[in-house]
Amino acid sequence: MTLSGKTAIITGSNSGIGLGIARELARSGANVVLNSFTDSDDDHALAASIAQEFDVDAKYIQADMSKGDECRALISKAGGCDILVNNAGIQHVAPIDEFPVEKWDAIIAINMNSAFHTMAAALPGMRERGWGRIVNIASAHGLTASPFKAAYIAAKHGVVGMSKTVALETAQEPITCNAICPGYVLTPLVEAQIPDTMHEYNMSREDVVKNVMLTRQPSKEFATVEQLGGTTVFLCSDAAAQITGTTISVDGGWTAL
Ligand code: NAD
């Protein structure tokens, strides 16, 4: 499967799933644009290391996905794209009546509104190129709910709905739009939740992983960033040309329960 000559923009890709997706797209020959809100030497070095390892063009463009104008600027600074992966995301856990308004606004902006802005900015270029693939990273929480994650769950359900809508708007064009719904993947976002949960339930790290996180994941294993990358590459392939407006769960059976 080759994506040689295609340019992919992956939002929120200096760590975790986004980085895994960028690496797998590059492994398949795509030129990649990495992104986050930071602008460090490490960010640019990461892009350089991907370019060298996979012999593709890779660059890093700073843009804060909480801001609509920066989301749109990311697309124009990259010169448009063939493949757009909306991956940037944050999380906050609190009961709804104690949920800080600024956390609510940030989660909705970064996890959901950013996809609206990047898709709106990228679609005209995809139409000119006559080919496009949009992959939005939602979550098992885009299909199910659990307490204390209202903003995250609202945003991820929004991403799933928006993906289906864009798929219908582009159905008669050589453009697809799908959402991937991961279960638990051991990334910095998930690592950051472990200490609080250990404290809250007075549990060991091992017990939190096994008896809190992976209780909802029948496989009892974390999905990996490489598996998320491979699923993205598949959705960008010719084999997936008629797959649009759907969700693909990579969740060890979570949403089958
Ligand atoms: P992560 O914290 O490792 O990665 C999040 C990425 O988003 C980072 O690159 C971060 O720099 C970037 N980011 C955060 N705020 C940003 C902003 N304002 N502008 C630009 N970039 C920003 O977490 P992850 O687990 O790799 O999460 C990636 C995506 O996968 C998120 O959308 C998350 O909701 C989703 N997801 C993760 C899991 C999981 O178990 N890890 C499960 C389901 C869905």
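The values are calculated or read from the model by the stated rules, or taken from the named source; none is laboratory data. What you see is a predicted model; the values in this text were computed from it and never measured. Positions of Cβ are backbone-derived with ideal geometry, glycine not excepted, and every protein chain shown enters the neighbour counts.
Of all the helices (runs of 4 or more DSSP H) wholly in segment 14-131, which have at least 3 residues that are more than 30 Å from Thr197 (Cβ to Cβ) and more than 14 Å from the ligand (Cβ to nearest atom)?
The qualifying helices (runs of 4 or more DSSP H) are 16-27, 41-54, 114-129.
Return only the number of the condition from (1) within 23 Å of Thr187 (Cα to Cα); (2) at pLDDT below 95 that Met1 does not satisfy.
Going through (1) within 23 Å of Thr187 (Cα to Cα); (2) at pLDDT below 95 one by one, Met1 breaks only (1).
Kindly indicate which of Leu228, Leu168, Leu143 is surrounded by fewer than 15 Cβ atoms within 10 Å (Cβ to Cβ) and either modelled with pLDDT of 95 or more or under 14 Å from the mean Cα position of the chain (by Cα) (or both).
The unique qualifying residue is Leu168.
Quick check on segment 207-251: of everything there that is of a type in the set (Val, Ile, Thr) and part of a helix (DSSP H, G or I), which residue is farthest from the ligand (Cβ to nearest atom)?
Val233
Considering only segment 52-76, state which residues are touching a residue at least 12 places away in the same chain (Cβ under 8 Å) and of a type in the set (A, V, I, L, M, F, W, C).
Phe54, Val56, Ala58, Ile61, Ala63, Met65, Cys71, Leu74, Ile75, listed by residue number.
Condition test on Val159, is it more than 16 Å from Asn111 (Cβ to Cβ) and in a helix (DSSP H, G or I)?
So Val159 fails the test.
Counting only residues that are of a type in the set (A, V, I, L, M, F, W, C), within 30 Å of Asp207 (Cα to Cα) and more than 8 Å from the ligand (Cβ to nearest atom), how many does segment 161-194 have?
So the count comes out to 2.
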